[in-house]
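Here's the structure, in structure tokens; my notes come after.
What follows draws every value from the coordinates through simple rules; no lab data is involved. Quick caveat, the model's predicted, so the values are computed rather than measured. Here Cβ is always computed from backbone atoms with ideal geometry, including for glycine, and neighbour counts include all displayed protein chains.
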Amino acid sequence: MKIKDILEENRFSLSFEVFPPKREGNIENLYVTIEELLALKPDFISVTYGAGGGTRDKTVEIASKIKNEFGGEALAHLTCVKSTRKDISEILINLAECNIENILALRGDPPDNEEMFVKCEGGFGNAGELVDFIKSEGIFSVGVAGYPEVHIESPNMTTDIANLKKKVDAGADFIITQLFFENSAFYRFRDEVLKTGIAVPVIAGIFPLFNFKQIPKILSLSNTKIPSVLYEKLLRVSEKPEEVEKYSIEYAIRQGEDLVRNEVAGLHFYSMNKSRHIACIISELDFPD
Ligand code: FAD
């Protein structure tokens, strides 16, 4: 089913993100995790698309498994990095053949060894151009990324949201946000999005911070701020993984409860390919019918 239709039918959507494992042998573990995540009855599961190749083919394979073998709904991520129009066309054909109806259209980050995103010759320069191309095929529901704390290359929120509007005007049906830890940032962003005349649902991305060591990477890739109360608490217990996990779960539950109370269109959990923690969080949340 198209996510556009799911969002139109439901007041609220629940979803999870998984990523293709780097090592071939780990894919079977991921399939076990996906089945456990599907038992939590999400509206869809999204599958990321690797920045520098390698795991890219796996995105279609995993999304196809979710849709065709496990009976869930899949959202395949797709980026412009190092891809020509012809490459993207081939992936779209492959997705359509696998019965995948939903794509998260992204520009993508530069590969690890490169500093800036460089448009591939014959490719796309930003996510909006990719949305336009995918939509011209007429068969996919398309989502795009939004940044409550502004995309790291953008000078300010006004410019960033004006660019977000271009993606929606190109045909995007929904927005999934970058992770954030302060709900006030999400509410500010949602207000600005509405003021700009963007009417598609904004789904909140929640990242339970299970590993203290993830913090530097998160901070280097985005403008996301970690509230001092969260940081200091995690720092105090950083040598005790079970305490980090317990506090992160509690924090994600509080974030989710507040977002649901404030009528968020959906919650999208960055699962980091773990189901047990996500199940603990979901079991404590009451979702709208
Ligand atoms: P864009 O929307 O193209 O924006 C990039 C920058 O260009 C922004 O600063 C924007 O303001 C500006 N811009 C946009 N349009 C225009 C325009 N028309 N003219 C001028 N400037 C413009 N990365 C991966 O590699 N794989 C993934 O699977 C993946 N999944 C993600 C899922 C979510 C929910 C999110 C939030 C991010 C994900 N990313 C993923 C990261 C994403 O690729 C990076 O954040 C990337 O730097 C920007 O991608 P974008 O689609 O937001 O780009």
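Annotations for the structure displayed:
- Between the listed residues Phe210, Pro155, Gly125, the Cα displaced farthest toward the positive end of the dipole of the chain, a dipole computed from Cβ unit charges relative to the Cα centre, is found at Pro155.
- In this label model, Glu192 and Ala39 are separated by 4.1 nm, measuring between points 7 Å along each Cα→Cβ vector.
- Legend: ranking of residues Leu285, Leu230 from fewest to most surrounding C-beta atoms inside 10 Å; resulting order Leu285, Leu230.
- Dipole magnitude (debye, nearest 20) for segment 149-202, charges at Cβ of Lys, Arg, Asp, Glu: 160
- Each stretch of four or more DSSP H residues adds -39500 (n - 2.57); spread over every residue of the chain, this sum gives -13000 deg cm²/dmol at 222 nm.
- By DSSP, the beta bridges lying fully in the chain are antiparallel in about 5 percent of cases.
- Segment 129-205 - convex hull of alpha carbons, volume per residue in Å³: 82
- Dipole of the chain [Lys/Arg +1, Asp/Glu -1 at C-beta], most positive-end residue of Leu104, Phe186, Pro42: Phe186
- Candidates Phe140, Phe124, Phe212: whichever shows maximal mean-square fluctuation once the chain is modelled as a Gaussian network with Cα springs under 10 Å: Phe212
- Under 5 Å from the amide H of Ile206 lie the amide H atoms of His268, Phe269, Tyr270, each residue being 5 or more positions distant or on a separate chain, with H modelled from the backbone and absent for Pro and chain starts.
- Using Cβ point charges alone (K and R +1, D and E -1), the dipole size of segment 3-283 about the Cα centre works out to roughly 440 debye.
- Semi-axis lengths, largest first, of the ellipsoid equivalent to the chain are 27, 22, 20 Å, with √(5λ) applied to each eigenvalue of the Cα gyration tensor.
- Relative contact order [Cα under 8 Å, 6+ residues apart], the chain, whole percent: 20
- Between Ile226 and Asn113, the modelled labels are 3.0 nm apart [label points 7 Å from Cα along Cα→Cβ].
- For segment 1-94: rounded, prolate or oblate by the Cα gyration tensor [a/c cutoff 1.5]: oblate
- Relative contact order computed over segment 1-100 (Cα-Cα under 8 Å; 6+ residues apart), in percent: 26
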